[in-house]
Amino acid sequence: MIINDTIAAISSGNINQAISIIRISGPDAVEIIKKIYTGKIGEDKTITYGNIVDNTTNKIVDEVLVNWFIGNKNYTGEDTIEINAHGGIVVTNKILNLILSNGARLAERGEFTRRAFLNGKITLDKAEAINSLIHAKTNKQAEIAITQFASKDNELIEKLEEELLQIISITEINIDYSDYYDIEQLDKNKLIPLVNNLKTKLDIIINKSENASDIYKGIDVAIVGKPNAGKSSLLNALLKKDKAIVTNIPGTTRDIIEGEFEINGILFRLVDTAGIRETNDTVESIGIERSKNAIKEAKIVIHLHSPFDQEDEEDKRIKDLAQGKEYISVMNKSDLLKLNELPKDKICISALNQNLWELKNALVKKYNNVNLDDSELVYNTRKLSLLKQASLALNEAKKGLDNGFGPEVIILDLTKSWECLREILNKQHDNEALLDNMFSKFCLGK
């Protein structure tokens with residue numbers, strides 16, 4: 001991608017609206033607009049009025065207001081001009097085409113924000129937060145995205161890294177300089193609590209962050225069960241529209257059907273799956289394989305039962321596939337049962353009668369107590385993945401200590417964990433930092 005040319009695009013969306021915005025950014029932005037604009041060429045952070053003119057016919061295209069952001073103290077870090085035009089699709093695209101025919105090129109997706117990042121105006125984390133804010137579908141998602149503009153999770157990681165560095169330094173000293181009497185002697189009984197304490201801190205952050213991240217991104221929910229358990233009826237009831245075909249013929253759903261709905265500001269993405277049964281139908285078999293993949297990707301699995309079916313091998317297969325997921329066992333068609341016939345080990349609903357409150361409570365239960373303002377939350381997927389790797393490495397160190405291995409063995413896992421934390425902070429593995437910390441533990445004159 002060339003980053004020293006001038007780009008342009010419609011920033012307000014290519015739809016009919018009251019006002020549309022065409023953005024130009026790059027070194028030739030001012031020279032290009034001079035060719036098609038009759039108003040005053042403004043200075044930085046000014047607005048001027050004039051006409052956009054087709055410079056091949058001298059015909060007026062539209063009267064506009066132009067915002068001038070000259071220099072590098074703006075969003076992209078380079079000359080940027082925004083034309084506020086009347087919002088018709090035809091007029092807006094005509095202005096864009098004039099800009100392109102006079103020297104700019106059409107911007108790629110996300111390119112204005114990419115230039116802001118490359119020009120040092122925003123961090124990569126903030127760029128991702130901007131994208132999340134644009135695509136937010138609930139108030140909670142928007143609130144979380146805004147908090148990421150001024151995220152302080154690096155400060156949190158730095159404290160963890162410093163704590164681990166202290167453990168590594170003491171361990172290294174005990175390996176290489178065990179004969180020095182003024183060195184703190186470290187044995188298994190001292191090292192295990194240090195490692196356990198740090199791992200506990202990491203795991204608390206990871207668990208809280210995963211729940212908060214689910215809210216941030218939306219929660220995938222798979223509805224599974226035997227054919228004719230009422231999966232499609234439940235999806236339609238939760239979405240409050242007839243999206244899936246409902247019949248009394250088993251195997252009606254041949255492919256996954258998706259939809260989104262919201263409870264208390266939390267976005268759930270539903271997937272209605274084909275029944276996971278043995279079948280010779282080629283098309284249904286393909287749908288069943290897709291259903292299995294949908295279960296693997298889901299955070300929550302709703303296992304739907306019918307009062308008239310006994311649990312069998314198919315239900316067992318579903319439970320096996322749902323291992324490690326938030327699993328909710330649900331009895332549908334409860335309106336056909338007497339009160340004393342309702343199972344105690346399942347949530348009872350009636351999709352037909354819209355009696356879903358107990359299921360909705362179960363869906364949000366895990367997320368009701370998530371404090372989105374908690375300073376110990378990490379939403380960034382890359383950072384959270386590295387935190388998990390750091391925790392796994394600490395767990396390996398703990399296993400080594402429990403198995404009687406000495407510092408010279410477990411130091412490898414401790415170092416691996418430290419490298420993960422440093423990667424989160426965009427720091428390279430730095431032996432100098434480790435050496436500085438190690439030898440600061442020595443007394444003066446050594």
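The values are calculated or read from the model by the stated rules, or taken from the named source; none is laboratory data. Owing to the predicted nature of the structure, the values given are computational and were not obtained by experimental measurement. Reconstructed Cβ throughout: ideal geometry from the backbone, glycine too, with neighbour counts over all protein chains shown. Heavy atoms of the whole protein, side chains included, go into the accessibility calculation; ligands, DNA and RNA do not. Shrake-Rupley method; radii C 1.70, N 1.55, O 1.52, S 1.80 Å.
Laid out as a table, the results:
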item	result
Set of aspartates and glutamates near K94 by C-alpha distance (under 17 Å), chain-local residues within fewer than 8 positions excluded	D54, D62, E63, E82
P(r) histogram, all alpha-carbon pairs of the chain included - 20 Å bins from 0, percent	19, 34, 35, 12, 0
Rounded if a/c under 1.5, otherwise prolate or oblate - the stretch 283-345, Cα gyration tensor axes	prolate
FRET E, pair N4, E163, Förster distance 45 Å, beta-carbon r, rounded to 0.05	0.55
P(r) of the stretch 195-242 over all Cα-Cα pairs, binned every 10 Å from zero, in whole percent	21, 27, 23, 18, 11, 1
N403 paired with N14, simple spin-label distance in nm, labels 7 Å along Cα-to-beta-carbon	5.9 nm
Average Cα contact separation per residue, the chain, under 8 Å, 6 or more apart, as relative contact order %	13 percent
Student exercise, the stretch 1-109 dipole from Lys, Arg, Asp, Glu Cβ charges, in Debye to nearest 20	160 debye
Listed residues L124, L386 arranged by accessible area, highest first, probe 1.4 Å	L124, L386
When the convex hull of its Cα atoms is projected in every direction, mean area for the stretch 102-242 (nm²)	18.1 nm²
DSSP bridge orientation in the stretch 289-361 - percent antiparallel, rounded to nearest 5	10 percent
Difference of contour (0.36 nm per residue) and Cα-Cα distance, N340 to S375	7.9 nm
Residue-level accessible surface for Y327, protein heavy atoms, 1.4 Å, Å²	80 Å²
Extended-chain gain in nm, criterion 0.36 nm per residue less alpha-carbon gap, E262 and N119	47.7 nm
Burial order of peptide ranges 130-140, 328-338 (average beta-carbon count within 10 Å, highest first)	328-338, 130-140
Cross-link table K199/K346; K292/K365; K152/K231; K325/K416; K217/K399, entries beyond 31 Å C-alpha to C-alpha	K199/K346; K152/K231; K217/K399
Where labels lie 7 Å past Cα in the beta-carbon direction, separation of W357 and N51 in nm	6.5 nm
Sorted peptide list for 141-154, 70-83, criterion being average Cβ within 10 angstrom, highest first	70-83, 141-154
Using a Förster distance of 22 Å, the FRET efficiency for K316-E210 (Cβ separation, nearest 0.05)	0.20
